[in-house]
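The values are calculated or read from the model by the stated rules, or taken from the named source; none is laboratory data. Remember, it's a predicted structure, so these values are computed and weren't measured experimentally. Virtual Cβ from ideal backbone geometry, glycine too; neighbours counted across all protein chains shown. The protein model used for the area step is the full one, side chains on, heavy atoms only, and it has no ligands, DNA or RNA in it. Shrake-Rupley method; radii C 1.70, N 1.55, O 1.52, S 1.80 Å.
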Amino acid sequence: MPELTTDVRYVKGIGEQRAKALEKLGIRTLKDLISYFPRAYDDRRNRREIADLADGESACVEAMVSFPPTLSRIRRGLELVKLQATDDTGALDVVFFNQAYMRDSLQAGKTYTFFGKVQASGRKRSMANPIVEREGGRMQTGRIVPVYPLTAGVTQFTMMNAVRQGLDACQKLLPDPLPDEVRREHELCGIDYAYQRIHFPEGEEDLAIARRRMVFEELFLLAAGQYRLRSRRSGQSCTPWRETDLTEFTAALPFSLTAAQERAIRDIQGDLASGRPMNRLVQGDVGSGKTMVAAAALLCAVRNGKQAALMAPTEILAEQHHKGLSPLLEKLGVRCALLTGATGARARREVLAGLESREIQVVIGTHALISGDVVYRALGLVVTDEQHRFGVAQRAALAGKGDRPHLLVMSATPIPRTLALMIYGDLDVSVINELPPGRQEIDTFAVPGSYHQRIYRFIDKEVAAGRQVYMICSMVEENDQIPDERKAAAAYAKMLQEQVFPHLTVACVHGRMKSKEKERVMASFAAGQIHILVSTTVVEVGVDVPNATVMVVEDADRFGLSQLHQLRGRVGRGRYKSYCILISDNRSEEARARLKVMTRTRDGFKIAEEDLRLRGPGDFFGHRQHGLPALKVADLSCDMELLYEAKSAAAKVLERDPELSGEPAMAARVEEMFRASEDAMN
């Protein structure tokens, strides 16, 4: 008897090779299989007569094959099967490319249902590579058909057939994580019906009923997990810290803090004095001054007799923070140290000894800070920079080095409030929504590819004036396949070096490079040894290069607005006039509207709201880096009303039963959801 944990090979037709392909989609068990939901649906219920078919539409036609199909071998690697099918109104020419078996599969005089995209010219109608089913068949035609995300080696029919078998085998075994009273109060269907109809709906109404149930469940469990995280932390206590007089700190700064920075610092001081461990996010736009807010928090820790650690995602960022913060803090009598993977053995021993003896009060570093041999004598504050680059476990590992230390996380990715509700539901949030005076305005232009020669001349002029340039290449090709980013970036850099800028130094950096090599190239660029840095979006959050004044983004329409805003933030960091040039040949109204937003505003929060409105939250960060459990069904751009309903329901259940001891199915699903999220981060 199959169980939810039964290997997917149990399904008839899933052999070793298909099982490996399915594993790439995260499908290993029957539970994984039936939880792999469609991304869209094709309504193939309405059959059309041939004479009524319109050019460009996708439609179902029931027609008889008029004569035996013919097979032609056009050239090596190209075979054509041709046939004509007719109904009472006309004839349909059908062609199959490289599907020789169709010649023998379809028989003259038999009626079939054809579903495909129509090409019409005058009275002539044709289809290429349509889906075909025998008359009366209802697996792939005559119904609403699910459309699944696929990978090489898996077809829609394979996936549909496998899911059908998976549901038949174990649908009744699914435990319902929604408490009965929640289901009744919110008028939600049962879990069996929801799984059946979200895969194979009979009509729009039962699809809507199933989807509403699945969206509610997803948001309910997510809210419950975050509620539990927050309640566990709020239930903890610690010795309240004394309020630190920051007059000396502000006097040491070469500039005045903005009102938003001062507000964030007051939030932090309130947390530190509360008698509960702080768990706060400082969210601010590129260049808004989050680091100075962190510096104030570090000083508060030291003035209360504690040690503090600041963890950055890369060595170069850690070095940058150390270089910026160490002189300021040491002027105030605070001893700082740097600890990364590149720290030499002798220096490392000195840092470890200084931390254990408390001589070192603030340490700045990378994941090296959570190494087993690093011992803190009095760790009271943990700060993580670029919070979305760390998983919960990594932050917890550093926090575990102390006795319930305060936690401050920083993010330079502005996030709309609606999305922040989900991503940071377990954190208190401070927003820095203004830039310090004197920040450079970045002129932003959206232009077509025909401007390339003008752009190259402009780059030459900027480099001649001593400036540097970023050039970002998109990793998505026209057929929506993801190529080898190493080859794509390297080819782009090679073309620029050999054909456009042979007199300049062009270097390349991409996500598949080893960390050491990537940081070596970035460090060379920061040192001014490279004129033009060709990159994928790995520079989105990266080293501060005040001398870089030009950001060119190829195929800009393929990026999210928030990603483009992050990329733009790499320039304009010094005293020189800076520019962002967005190149796109996509002339669709949506693409033009999105890029126009970038030319109109530099406000990251407005851009983020617009990004969410225009394209939804699906992949808001470009890559899912933020540690949020994956939402398989919910869409926060249109399910916000259900989000508030689900959050309220989850809060009621947890107020009554904080440990979910009476709701084992719910507790298990919450744990599974957050564990899967953390695994994806590591």
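Key figures
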{"quantity": "DSSP bridge orientation in the chain - percent antiparallel, rounded to nearest 5", "calculated": "40"}
{"quantity": "The stretch 247-301 versus the stretch 119-194: alpha-carbon centroid distance in Å", "calculated": "52"}
{"quantity": "Å² of accessible area per residue within the stretch 260-396, as computed with a 1.4 Å probe and no ligands counted", "calculated": "34"}
{"quantity": "Cβ crowding within 10 Å averaged over residues, with 276-283, 292-299 ranked highest first", "calculated": "292-299, 276-283"}
{"quantity": "The stretch 127-241 pair-distance distribution - Cα-Cα, 5 Å bins, rounded %", "calculated": "2, 9, 14, 16, 16, 12, 9, 7, 5, 3, 3, 2, 1, 1, 0, 0"}
{"quantity": "Loop trypsin sites (Lys or Arg not before Pro), the stretch 30-82 (other Cβ atoms within 10 Å of the site Cβ: 15 or fewer; DSSP)", "calculated": "39, 45, 76"}
{"quantity": "Nitroxide proxy distance, nm - points 7 Å out along Cα→Cβ at residue 460 and residue 58", "calculated": "4.8"}
{"quantity": "Identified option (computed Cα Rg over 2.2 N^0.38 Å; candidates [x] 1.11; [y] 1.16; [z] 1.22)", "calculated": "[x]"}
{"quantity": "Share of pairwise Cα separations in the stretch 160-224, more than 19 Å, in percent", "calculated": "33"}
{"quantity": "Whether the stretch 292-402 is rounded, prolate or oblate, judged on the alpha carbon gyration tensor where a/c under 1.5 counts as rounded", "calculated": "rounded"}
{"quantity": "Reachable aspartates and glutamates, given that their alpha-carbon falls under 16 Å from the alpha-carbon of residue 124 and they are not under 8 places away in the same chain", "calculated": "49, 52, 55, 57, 87, 88, 93"}
{"quantity": "Cross-link partners of residue 172 among lysines (Cα-Cα below 29 Å; sequence separation of 8 or more within a chain)", "calculated": "12, 20, 24, 31, 632, 647, 652"}
{"quantity": "Residue 461 accessible area, assembled protein chains, probe 1.4 Å, Å²", "calculated": "140"}
{"quantity": "The stretch 658-675 - phi-based ³J(HN,Hα) in whole Hz, Karplus 6.51/-1.76/1.60, Gly and Pro as x", "calculated": "x, 9, 6, 5, x, 10, x, 5, 5, 4, 5, 5, 5, 4, 4, 4, 6, 5"}
{"quantity": "Set of aspartates and glutamates near residue 494 by C-alpha distance (under 15 Å), chain-local residues within fewer than 8 positions excluded", "calculated": "485"}
{"quantity": "The stretch 51-131: chymotrypsin sites (Phe, Trp or Tyr not before Pro) in DSSP loop, at most 13 other beta carbons within 10 Å", "calculated": "101"}
{"quantity": "Sequence of 172, 518, 632 when ordered by accessible area, the most exposed leading, probe 1.4 angstrom", "calculated": "172, 632, 518"}
{"quantity": "Lys, Arg +1 and Asp, Glu -1 on Cβ, resulting dipole of the chain about Cα centre, debye, nearest 20", "calculated": "1640"}
{"quantity": "Nearest-20 debye value, the stretch 195-299 charge dipole, Cβ charges on Lys, Arg, Asp, Glu", "calculated": "400"}
{"quantity": "The stretch 189-283: chymotrypsin sites (Phe, Trp or Tyr not before Pro) falling in loop per DSSP and having at most 11 other Cβ within 10 Å", "calculated": "255"}
{"quantity": "Amide N proximity, the stretch 164-199 versus residue 656 label position 7 Å along Cα-to-Cβ, cut-off under 12 Å", "calculated": "179-186"}
